[in-house]
Structures are given as C-alpha cells and as structure tokens.
1. How would you order 20-27, 171-178 from highest to lowest mean count of nearby Cβ atoms within 10 Å?
2. With n ≥ 4 as the cut-off for DSSP H runs, can you work out [θ] at 222 nm for the chain, using -39500 (n - 2.57) per run divided by the number of residues, rounded to the nearest 500?
3. Given the chain, what percent of its DSSP beta bridges are antiparallel, to the nearest 5?
4. On a 1.4 Å probe surface of the protein chains, which of K192, K203, K277 comes out largest in accessible area, and what is the full order?
5. Just the number please: accessible area per residue for region 44-147, 1.4 Å probe, all protein chains included, in Å².
6. For region 3-109, what is the convex hull volume of the alpha-carbon atoms per residue, in Å³?
7. So if I average 1/r over every pair of distinct C-alpha atoms in region 180-318 and take the inverse, what Kirkwood radius in Å does that give?
8. If you plug each phi of region 55-70 into the Karplus form 6.51 cos²θ - 1.76 cosθ + 1.60 with θ = phi - 60°, what whole-Hz ³J(HN,Hα) values come out, in order, with x for Gly and Pro?
Amino acid sequence: AVGSAGPAATDTSFASLLEDGKAVRLTGQDSRRGTFSQRHAVVFDQRTGDEHTPLAGLAASPDHLTFADSPLTEEACMAFEYGVSITDPDALICWEAQFGDFANGAQAVIDQFLVSGDDKWLRQSGLVLMLPHGLEGGGPEHSSARPERFLQMAARNNMSVVSCGSPANLFHALRRQLLAPWRRPLILFTAKSGLRHGEAVSKLSEMGANTRFRPVIDDDAVATEARKVVLTSGKLYFELAAARRERGIGDIALVRIEELYPVPDRAIAEILKRHPKGEVVWAQEEPENMGAWRHLDPHLARILGGLRDAGGRATYVGRDAAPSPAVGWG
C-alpha cells in the first residue's frame, strides 16, 4: 500500500515523470523535507551535513530535478514559479506552502495571473499549488487553504481544484499536469493528518497501467438504495467512515468528491441514480460560508432536478458561517 500525500504518492509521481524524461521542479516553504516531513526529497548526513537527493539518479540531467526551499515571501516566490511554468511548459512546476493559509500572501498573483492569465492573455500555466488544508487544531492561521476563494474564481475550465484523500489520485493528478495536451493550474488540497492516517492508502495497482484520476470515488459498501447519500471530500471522509463503523450504520453511503472543479456532474449523477430515494447531503468541516458548499449547491440542485420528478436540494451539514476559518480561543 502507498501512504497519503507523502513520499510514496508525490515521489512516485515525480519518479515516474523523471523516468519519462520530464523535468520536475518543487520549491516552497521547507519543501526539501516536505513541510514537516511528509517526504524526504533531500536527506542530510547528520555528521557531515552532506546532502543526498534520492530521486536525482532518475533525472536525465541535473537540471531536470530541482528541490529548493523558498523564503516566506509568498507573493514573490509564487510569481516567480508562475513565470517558470509559462516559460517551461514541459516541466512539472510546483510551489508548496507550509500551511495552505500562507497562500493568502500571494492572493494578488493568484487573482491577476494564475487563474485569469489564460482568459486575459492566452498564456497557459501548469503551475501546481500544494496547499495543506484541514481543520486539525492548528487555529485560524494554520487550518484553511481557502478553497472557497479558488472555487469562486473557477470558470471556463481555467484550473483544476482537487481535494485528495486518495494517494493514487494524488499520483495521477500530478502526472496529468504534463500528460494532458494543455496546461492549466492545479490547486491541490491535502490534509497533514493524512500523512499518518492508516486508511489514507492506495494499492500500487491503482497507479499502474490503465488507471487514471478518479474525480469521484463511490462507496462500494453501500452501492444502491441508501437511505442517505453523504457527499464529502478530503479528510472528513475518513472521520465519517469511522463514525459509521462505530455506530453500525449500514444504509448511509459515503461518496468522495475528489475534484471540486471542474465539477464531475455526470459521475455524481450516475451514483445518485442508484439511490433514487436517498436524502442527499453535503458534509464539510469548514464553516458554511467557506469550503465547497456554496460552489456545489447549485450543481447538486441541477443534478437532482434532472434525476427526480420533484427535483430537490442537497442538505448542508457542517459548521455555521463564520468570519474566521477556525477559532483562536476557547
């Protein structure tokens, strides 16, 4: 099995691209050791201080692989990587934040260039933003990568917004950045708790031949006629699955929406067809005015309107609306 957003998922995708002769560039805030050790892109000899980059042996040339720590000046660093991604579209260019919240410091770059550059100037960028995201007790400055901001700016297929709980999906999402015949930014949300979660794993066969990114992951345990269908994303799926086991519930399906934009309407509709009488719920850990709820609500209404004579709306389950992603007191 392969662990979540850690060495196996990201490094396996990097390694496969390097073996294909592609170039990989990862910069960010403590990225050489993976923003608190989710990977060891560069390891150090504790006695001599010598550096060793395990993936370097797969690179066709030294300039095909770059792992570098960038300063805590998000606007300048992200802008630089945006420029690199435009000038070198055949390389995988990634910028990583220690916490997704830190992308706030580069909001002007995101608004003015990253998400709108293709629409304004026909300049395609395949830049990947790796943004740790999840309410895990870190407080208001270390919890949210602000998915609602990206989703508000999502239109005309200008980017891919992914909230991966599946390591195999993370592997495929990174690879398709170069394998696709076009370039668009990838906004990648992953939870730090996924690094250690025993169920956030994938089989190696899910990354082999004839496999691909899955925007929606169905619930094989409750495949039809559920009393309730809970749609969710990210780490909350694992928490809901644990609660379902503990309570012995067998008639609630848990469906994982791994790609929040473009919205996988058809895949969601195909699953909901198998639960014609099930109440549809969107569950998230973010406050109601944040996260993906207000982005997905009209999509789910259209899907249900096409499936059920009486139409219907999904029910929201999550925190109340709030001005801060997480509380700082209490």
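The values are calculated or read from the model by the stated rules, or taken from the named source; none is laboratory data. It should be emphasised that the depicted structure is a prediction, and the values quoted were computed from it without experimental measurement. Note that each Cβ is placed from the backbone with ideal geometry, even for glycine, and that neighbours are counted across all protein chains shown. These accessible areas exclude ligands, DNA and RNA; they are computed on the full protein's heavy atoms, side chains included. Shrake-Rupley method; radii C 1.70, N 1.55, O 1.52, S 1.80 Å.
1. Result, highest mean first: 171-178, 20-27.
2. -7500 deg cm²/dmol
3. Antiparallel bridges make up about 20 percent of those DSSP assigns within the chain.
4. K277, K203, K192
5. Using a 1.4 Å probe on heavy atoms only, each residue of region 44-147 averages 49 Å².
6. So the per-residue hull volume is 107 Å³.
7. For region 180-318, inverting the mean 1/r across all distinct Cα pairs yields 16.2 Å.
8. So the J values, rounded to whole Hz, are 6, 4, x, 8, 6, 5, 8, x, 7, 8, 9, 9, 10, 8, 8, 10.
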